[in-house]
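The values are calculated or read from the model by the stated rules, or taken from the named source; none is laboratory data. Model, not experiment: these values are computed from the prediction. We place every Cβ from the backbone using ideal geometry, glycine too, and count neighbours over all the protein chains shown.
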Amino acid sequence: MKSLLFALLVIVTAASAHELRAQTNVADMFEIRKHEFGVVAANSKTVYVFKLNNKFSTPVHISGARTSCGCTLAHVKTPVVEPGQLGEIEATFVTTAFRGQHGANITVTITQPYFTEVQLRVDGFIRSDVYLDPGDVNFGSLLMGNEHSRTIDVLYAGKLTWALESIRNSNPHLKAELIETKREGTSVNYQLKVTIDPQMSSGFFHEEIRLVTNEPNRTIPVTIKGLLNSSIQVPSVVDLGRIRPGEVINKVVVVNSERMFTVLGVENSDNRIEITRPTEQKKTHIIKLTFNANRPDELHDEIVLKTDDPIVPETRFRVSGSVLPEGK
């Protein structure tokens, strides 16, 4: 009987130790588990993304995330995180309804490779006297190569001596300026104008500038975001799929642009891919790819197109596939 009880104790102890190690390992996948929003304006779009790196050999399944306070919303952006990939949990500070100091614990529930929960934390102070309208500078989806501008209003209620003195901005492709529009009674209003210059690279951008006030050590963060689309459109990936040894695969890649342009040259590293490019100037080009599967392995190559477009001198896409072993 004593032997049986001892064996059960060993099993329970081992299981508890395994569960503790599991929780520790999963928690360690998060690069940061606590974030301080600082002092933010009312109605400002205040978001932080917690990232986790899947270091396991199997996918990590995130079933949900709940918060301990209505001042914060949590959203699982990547319910399934493949091995070696990054997952994201988005935390949004509810600056539309709350004021003052607030914070929340975020409980992330993971069901695979085993069940466990990880605690994250956010804190911040929402000003009641400064209001952003709208809550961020959102450019939306735009075509790169042109100058674009957006404006928001910064509204203050309090001392008439309050002022915005300068702007902290680390992105050389963003120009931000303040224009005072009202100073009367208890109201001080500014218009913030943000401009993107034509040289800004394509892709999604998410920046933060800070408005420096005349209060001691006080700034107001403002989020700037948008998507700049390249004037030359190519697919991001051309997937050849599973290929038998010795097979020859032909693919056509369509390249479109808003302007006339010429493909000056093509570069890639895998000599199994032959590329035929057009030489004339036009808005739509057909790039022909021929792949000779002369050895069994994985295909991961990048194709770089050199152009005479002054805004997009080069664009690129990836070619992937898998050549099966002999007899498969």
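Numbers below:
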| item | result |
| --- | --- |
| Candidate set: the stretch 27-45, residues that are in a loop (DSSP other than H, G, I, E, B) and in contact (Cβ under 8 Å) with a residue 24 or more places away in the chain; chosen: the one nearest to residue 82 (Cα to Cα) | 29 |
| Qualifying position, being surrounded by 14 or more Cβ atoms within 10 Å (Cβ to Cβ), outside any strand (DSSP E or B) and either among the charged types (D, E, K, R) or free of Cβ contacts under 8 Å to residues at least 12 places away in the same chain (or both), among 301, 309 | 309 |
| From 61, 18, 102, residue being out of contact with any Gly (no Cβ under 9 Å at 6 or more places or on another chain), modelled with pLDDT of 95 or more and not polar (S, T, N, Q) | 61 |
| Selected residue (criterion: surrounded by the fewest Cβ atoms within 10 Å (Cβ to Cβ)) from residues of the stretch 58-98 that are of a type in the set (S, T, N, Q) and either without any contact (Cβ under 8 Å) to a residue 40 or more places away in the chain or under 23 Å from residue 37 (Cβ atoms) (or both) | 96 |
| The listed residue being at pLDDT below 95 and either part of a strand (DSSP E or B) or among the aromatic types (Phe, Trp, Tyr) (or both), out of 291, 317 | 317 |
| Output for the stretch 249-281, where each listed residue is over 25 Å from residue 298 (Cβ atoms) and either outside any strand (DSSP E or B) or of a type in the set (Phe, Trp, Tyr) (or both) | 261, 262, 277, 278, 279, 280, 281 |
| Exclusive hit being surrounded by fewer than 18 Cβ atoms within 10 Å (Cβ to Cβ) and free of Cβ contacts under 8 Å to residues at least 40 places away in the same chain, set 165, 208 | 208 |
| Test result for residue 270, surrounded by 12 or more Cβ atoms within 10 Å (Cβ to Cβ), touching a strand residue (DSSP E or B) at 6+ places or on another chain (Cβ under 7 Å) and farther than 29 Å from residue 241 by Cα | no |
| Every pair of residues 6+ apart whose Cβ atoms lie under 6 Å, when the first sits in the stretch 129-143 and is surrounded by 15 or more Cβ atoms within 10 Å (Cβ to Cβ) while the second is among the basic types (Lys, Arg) | 135/45; 136/45; 137/150; 139/150 |
| Filter result (of a type outside the set (D, E, K, R) and in contact with a Leu (Cβ under 6 Å, 6 or more places away or on another chain)) within the stretch 250-265 | 263 |
| Scope the stretch 260-298; condition without any contact (Cβ under 8 Å) to a residue 24 or more places away in the chain, within 19 Å of residue 250 (Cα to Cα) and hydroxyl-bearing (Ser, Thr, Tyr); matching residues | 276 |
| Residues of the stretch 223-248 that turn out to be in a strand (DSSP E or B), of a type in the set (A, V, I, L, M) and farther than 12 Å from residue 320 by Cα, as a count | 5 |
| Checklist (1) in contact with a strand residue (DSSP E or B) (Cβ under 8 Å, 6 or more places away or on another chain); (2) surrounded by fewer than 19 Cβ atoms within 10 Å (Cβ to Cβ); (3) in contact (Cβ under 8 Å) with a residue 24 or more places away in the chain applied to residue 314, failing item | (3) |
| Residue that is farthest from residue 211 (Cα to Cα) [pool: residues in the stretch 118-162 that are part of a loop (DSSP other than H, G, I, E, B) and touching a strand residue (DSSP E or B) at 6+ places or on another chain (Cβ under 7 Å)] | 144 |
| For residue 48: the one exception among (1) in a strand (DSSP E or B); (2) under 30 Å from residue 156 (Cα atoms); (3) free of Cβ contacts under 8 Å to residues at least 60 places away in the same chain | (3) |
